[in-house]
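Participant: My questions all concern the structure below.
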Amino acid sequence: MQTIVKLITFTIGVTLVFSACSNNQPTKISKNNFEEKEMKKEALDAIKVVGGAFQKTLSSKISNGGLPNAATFCSTNSHDLAQEVFKTLPQGISLKRITSKPRNPNNKASKEELLVLNQLKNNFEKNQSLDMIVKQKSPNHYQVYKPIKVDAICLKCHGTNTIRDEKAYDIILKMYPTDKAIGYALNDFRGAFLVDIIK
């Protein structure tokens, strides 16, 4: 009888110890989840810097000459502006836009990037999710993909024949005669920002 009492006491004690450990331990964010959140934040910060500079410049060009003026700038000077803005980003961070339907051939997604684009597109088409995808290339190298959707202003240069601004698009075609970045509708999936982060 004494042995049974000791066994029951021991079992209750062990149960209480494990119960205390499981209930009182704080929930920890895994290192990977923490790093992923940090990478997404850094990527968003970089996109805001670059996107903000382009938005400001394009708004100014449209105000002072309309869409043809903005199209001329995009076709001839956007690369120079990008290089200047990239210099303001933190060391180790660079970004580009990628798509399966490029206007500029330099923005065409590679085979590896296309796999991620298709994943983003599927997520977007199922639930309009603009969630980012983080890929770790090596212990200190990350790539963050942020989906891009088509806004109303984009349709003037990327929409269907009936929506596009003819004068602006004529300027674009002179620079990019093999343009594939057309035929979009409002809120279509367009591609992604790819932010490269080396720590």
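Participant: Quick one: which of Asn64, Asn104, Asn127 is under 21 Å from Ile47 (Cα atoms) and of a type outside the set (Phe, Trp, Tyr)? Let's see the steps before the verdict.
Facilitator: Details: Asn64 fails: under 21 Å from Ile47 (Cα atoms); Asn127 fails: under 21 Å from Ile47 (Cα atoms).
The conditions single out Asn104.
Participant: On to the next question. For a quick check of your reading of the model, give me the residue pairs whose first member lies in segment 49-71 and is without any contact (Cβ under 8 Å) to a residue 60 or more places away in the chain, whose second is among the aromatic types (Phe, Trp, Tyr), with beta-carbon atoms closer than 8 Å and at least 6 apart or on different chains.
Facilitator: Partner pairs satisfying both residue conditions: Val50/Phe86; Thr57/Phe73; Leu58/Phe73; Lys61/Phe73.
Participant: Here's something else I'd like to know. Looking only at segment 72-108, which residues are in contact (Cβ under 8 Å) with a residue 40 or more places away in the chain and within 16 Å of Ile171 (Cα to Cα)? Before you say what the answer is, go through the steps one by one.
Facilitator: Step one: filter segment 72-108 for residues in contact (Cβ under 8 Å) with a residue 40 or more places away in the chain, giving 72, 74-76, 89-90, 92-105, 107.
Selection gives Thr72, Cys74, Ser75, Thr76, Arg103, Asn104.
Participant: If you don't mind, there's one more thing I want to ask. Just checking, how many residues over segment 63-99 are surrounded by fewer than 16 Cβ atoms within 10 Å (Cβ to Cβ) and in a loop (DSSP other than H, G, I, E, B)?
Facilitator: Adding up the residues that qualify gives 8.
Participant: Out of Leu130, Leu89, Leu120, I need the residue that is in contact with a helix residue (DSSP H, G or I) (Cβ under 9 Å, 6 or more places away or on another chain), closer than 27 Å to Tyr176 by Cβ, hydrophobic (A, V, I, L, M, F, W, C) and modelled with pLDDT of 95 or more. Which one?
Facilitator: Only one candidate passes the filter, namely Leu89.
Participant: Follow-up question, since we're still on this one. In segment 156-175, how many are under 30 Å from Asp45 (Cα atoms) and over 20 Å from the mean Cα position of the chain (by Cα)? Break it down into steps so the answer makes sense when it comes.
Facilitator: Initially, segment 156-175 is screened for residues under 30 Å from Asp45 (Cα atoms), giving 156-159, 172.
Narrowing the set further to residues that are over 20 Å from the mean Cα position of the chain (by Cα) leaves 156-157, 159, 172.
Number of matching residues: 4.
Participant: Can you tell me which condition Val195 does not meet? The list is (1) in a helix (DSSP H, G or I); (2) modelled with pLDDT of 95 or more; (3) of a type in the set (A, V, I, L, M), and all the others hold.
Facilitator: (1)
Participant: Within the set of pairs 6 or more residues apart or between chains, which connect a residue that is in contact (Cβ under 8 Å) with a residue 60 or more places away in the chain inside segment 141-163 to a residue that is among the polar types (S, T, N, Q) and open to solvent by 20 Å² or more (accessible area, probe 1.4 Å) with Cβ atoms less than 7 Å apart?
Facilitator: Pairs that qualify, where the first residue is in contact (Cβ under 8 Å) with a residue 60 or more places away in the chain and the partner is among the polar types (S, T, N, Q) and open to solvent by 20 Å² or more (accessible area, probe 1.4 Å), are Tyr142/Gln136.
Participant: Mind listing whichever residues of segment 144-184 are within 19 Å of Leu117 (Cβ to Cβ) and of a type in the set (Lys, Arg)?
Facilitator: Here is the first cut: in segment 144-184, the residues within 19 Å of Leu117 (Cβ to Cβ) are 144-151, 154, 158, 179-184.
Listed by number, the residues that qualify are Lys146, Lys149, Lys180.
Participant: Exactly one of (1) over 28 Å from Gln136 (Cβ atoms); (2) at pLDDT 95 or above is unmet by Gly65. Its number?
Facilitator: (2)
The values are calculated or read from the model by the stated rules, or taken from the named source; none is laboratory data. Note that this is a predicted model, so its numbers are computed, not measured. Cβ coordinates were reconstructed from backbone atoms using ideal geometry, including for glycine residues, and neighbour counts include every protein chain displayed. Surface accessibility is based on the protein's heavy atoms, side chains included, excluding ligands, DNA and RNA. Shrake-Rupley method; radii C 1.70, N 1.55, O 1.52, S 1.80 Å.
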